[in-house]
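First comes the structure, then the notes that go with it.
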């Protein structure tokens with residue numbers, strides 16, 4: 001009987017530990033866990049060598065990452081626990097900030113062959129957990145296109161949800177910028193067609209981290225669909241779009257993606273070296289004769 005009770009106690013203890021382990025792993029960024037979320041945190045922390053001098057991006061939340069989080073918490077005036085709690089996330093990401101597109105905000109005609117400037121406003125939270133700006137204040141600027149929505153037929157005698165007359169469809173990622181710069185200059189690429197129904201969307205939030213890491217390491221973001229889905233919780237991401245559509249116009253000039261940039265000085269140096277080599281060879285031939 002005693003053996004049976006001991007076995008049941010041991011079994012319940014194992015189940016409890018497995019349960020706690022599952023909860024920790026589900027979070028993805030608990031101390032001792034491995035995940036892509038941890039890689040995102042490590043990429044962010046390594047932006048400051050004083051916070052994370054080792055700069056390893058392994059996906060493992062070990063002692064080095066824990067120590068880096070402690071340094072960040074100290075910088076933000078938080079308890080140095082080494083854990084990525086809600087307060088620490090607010091120290092890293094601009095979670096409680098709001099963004100508003102100022103320009104282009106509707107009615108403008110953007111000439112694709114001139115430099116254009118996107119402008120936005122930032123509203124800070126009424127109460128912040130620290131006096132400094134978020135450690136990772138990134139914002140994504142993206143081009144969207146307003147299109148008409150095809151609403152389904154509502155059966156007679158039923159109450160259907162309101163159907164919007166139009167929706168925004170992702171076209172192209174423009175840039176990842178510092179939220180607090182409040183402006184970004186760009187030139188329309190040749191793969192963006194002329195049209196009168198474009199809007200700019202500016203997005204912020206912690207869910208940008210994986211795509212920012214991809215953009216940073218791969219050089220671009222795969223533009224297969226909308227980057228920041230509207231279905232995400234507001235705690236993860238928030239965004240603002242141009243109030244009305246604007247136009248992109250002008251002559252579309254093809255771009256050369258692999259045109260080499262000539263360095264005249266280097267070319268002249270190579271020619272000089274070759275000329276000297278020819279002169280030395282000629283001297284050697286003369287001596288042999």
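Please treat every number below as a calculation from the coordinates, not as lab data. It should be emphasised that the depicted structure is a prediction, and the values quoted were computed from it without experimental measurement. Here Cβ is always computed from backbone atoms with ideal geometry, including for glycine, and neighbour counts include all displayed protein chains.
Take the Cβ-Cβ distance between residue 36 and residue 243 as r, set R0 to 35 Å, and report the resulting FRET efficiency rounded to the nearest 0.05. Between residue 36 and residue 243 the formula returns 0.45. Rounded to the nearest 0.05, what FRET efficiency do residue 194 and residue 271 have when you use their Cβ-Cβ distance and R0 = 41 Å? The formula returns an efficiency of 0.35 here.
With a ≥ b ≥ c the root eigenvalues of the C-alpha gyration tensor of the range 121-175, is it rounded (a/c under 1.5), prolate (a/b larger than b/c) or oblate? It comes out oblate by the Cα gyration axes.
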